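The values are calculated or read from the model by the stated rules, or taken from the named source; none is laboratory data. What you are looking at is a predicted structure, and each value in this text was computed from that prediction instead of being measured. Cβ placement follows ideal geometry from the backbone for every residue including glycine, while neighbour counts extend to all protein chains displayed.
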Amino acid sequence: MIRLLAALLLGLLAMPARADDNRPLTIRVVEEAPRAYRVTWKIPANVEAGLMPALARPKECAASEPKAWSDPLGHWREQLWRCGDPLAGKAIGIAWPSANPGLATIARLRLRGEDEQTLLLQPQDTRLAIPAPAQSHGVFVDFLKLGFEHIWLGIDHLLFVAGLIFVARTWRRVLLTVTGFTLAHSLTLALAALDLVRLPPRAIEAAIALSIVFLAVEIVKGPRDTLTWRRPVVVAASFGLLHGFGFAAVLREVGLPTDALVTALLAFNLGIEAGQALFAGLLMGVIALVGRFGNLGHGIAVQRLAGYAVGSVASYWMIARLVG
C-alpha cells in the first residue's frame, strides 16, 4: 500500500504544476450598449507582462486601441468593441505571444438581457465560445462547474489530500479526515468570499505550500506516536482553514453575482467538494483494487523518496510565494 501511495504522489508531481498562487487569465466582457462591449483582461502579477495574450475579436467587430496598465493584482488590457452582430454565439480567440505559461482562463460575461455568466477554460483552450441565450445554464450550474474544475487545474490541493489519505490509510479514518478538511475549508471559503475575513494572499499561499511540506515530513519519518498519525483529522481541519482562503481567491478573481450570491457560493463549494470526493474515491478505489492482488510490502525507501520529492516541490512553492 505504501509503495502504491508513494507512486501516486510522484505521479501527481509529474502533472503540469499549477499552484493556487498562479492565478488564471481573467476576461470580462460587459455589453454597455447594444452591440458595444467593454472587454477587459488580466494576467497575474507573477507572470511577465510580455506574456500578455491578445484577444482575437470576431470579424464583425471593430476595436479601439487597447489601454494597458499594471497594479499589484496583475497586468491589464482593455478595449471597446463595436460589433455588427451580437457576440452571443460567436467566439473570442486567445492568442498567446508564445506558449501559455500554464494559466487557465476564467471569463465573466454580462450581456444585455441575460444573466451574468462565468466560464472556465483549461490552459490548452484558446477559444472562448460566447454561449447563445438558450445555452445559459444559470448561476448554480456555472459556479458548480467552476468549483469542480478548479480542483483539477492545480496539484497542490490534490497533493495535500493524497498526503492525508497516506497518513489516514483506512477507509474509516480517511472519511473522517477528509470530512474535517472539508468542513474547515468550507468555513473559511465562505468567510473570505463574502469579504468578512481577509488575510494577505501571499502569506496564505505560502502557508498552503507549508501544509504540504508538513505532510511530506511526516511521510518521510513514517508512522509514529504523534498527533498527525494518531488524529489526522485535527491536522486536516487545521490546515483546511488555510486552504479555504486559497479557494476564495478564485471567487474574488471572478466576483460573486450580487443577485445570486448565496447560490453561487454554495454551488462553487459543492463543486470543490465533488471534485475532492471524486479524487479521494478514485485513490482509495485503486488502493483497494491493487491490494487484492498481493502484498505490496512496506516500501520504506519508496515512501521516503515520495516524501522528499513532494516536500522539495512544496518547499519551492513556499519560497516562491513569499518572495515572488
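One table, with the values for the structure above:
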item	result
Verdict on LEU282 being modelled with pLDDT of 85 or more, surrounded by fewer than 20 Cβ atoms within 10 Å (Cβ to Cβ) and within 30 Å of ALA190 (Cβ to Cβ)	yes
Matching residues, region 111-130, being crowded, with 17+ Cβ neighbours inside 10 Å, closer than 18 Å to THR40 by Cα and not β-branched (Val, Ile, Thr)	LEU111, GLU116, GLN117, LEU119, LEU120, LEU121, LEU128
Whichever residue in region 55-70 is among the hydrophobic types (A, V, I, L, M, F, W, C) and loosely packed, with under 14 Cβ neighbours inside 10 Å and, among such residues, is nearest to ARG127 (Cα to Cα)	ALA62
Residue in region 180-194 that is more than 30 Å from LEU73 (Cα to Cα) and out of contact with any Ser or Thr (no Cβ under 8 Å at 6 or more places or on another chain) present	yes
Residues satisfying the stated conditions in region 230-283, i.e. touching a Phe, Trp or Tyr at 6+ places or on another chain (Cβ under 6 Å) and small (Gly, Ala, Ser)	ALA236, GLY240, ALA264, ALA267, GLY271, ALA274, GLY275
Residue in region 160-173 that is under 22 Å from VAL254 (Cβ atoms) and crowded, with 21+ Cβ neighbours inside 10 Å present	no
Residue ID - modelled with the lowest pLDDT, chosen from residues in region 4-55 that are part of a strand (DSSP E or B), within 21 Å of the chain's Cα centre (by Cα) and of a type outside the set (D, E, K, R)	PRO44
Selection count, region 102-111, where residues are more than 16 Å from LEU55 (Cα to Cα) and at pLDDT 85 or above	2
Neighbours by Cβ (under 7 Å, 6+ apart or cross-chain): first from region 41-66, within 17 Å of LEU87 (Cα to Cα); second part of a strand (DSSP E or B) and of a type in the set (S, T, N, Q)	TRP41/THR26; ALA63/GLN79; SER64/GLN79
Candidates ILE92, ILE106, filtered to the one that is at negative phi, under 22 Å from the mean Cα position of the chain (by Cα), among the β-branched types (Val, Ile, Thr) and surrounded by 14 or more Cβ atoms within 10 Å (Cβ to Cβ)	ILE106
Candidate set from region 244-262 (those that are among the β-branched types (Val, Ile, Thr) and surrounded by fewer than 17 Cβ atoms within 10 Å (Cβ to Cβ)); member that is nearest to ILE151 (Cα to Cα)	VAL262
Tally, over region 88-134, of residues that are among the basic types (Lys, Arg) and in contact with an Asp or Glu (Cβ under 6 Å, 6 or more places away or on another chain)	2
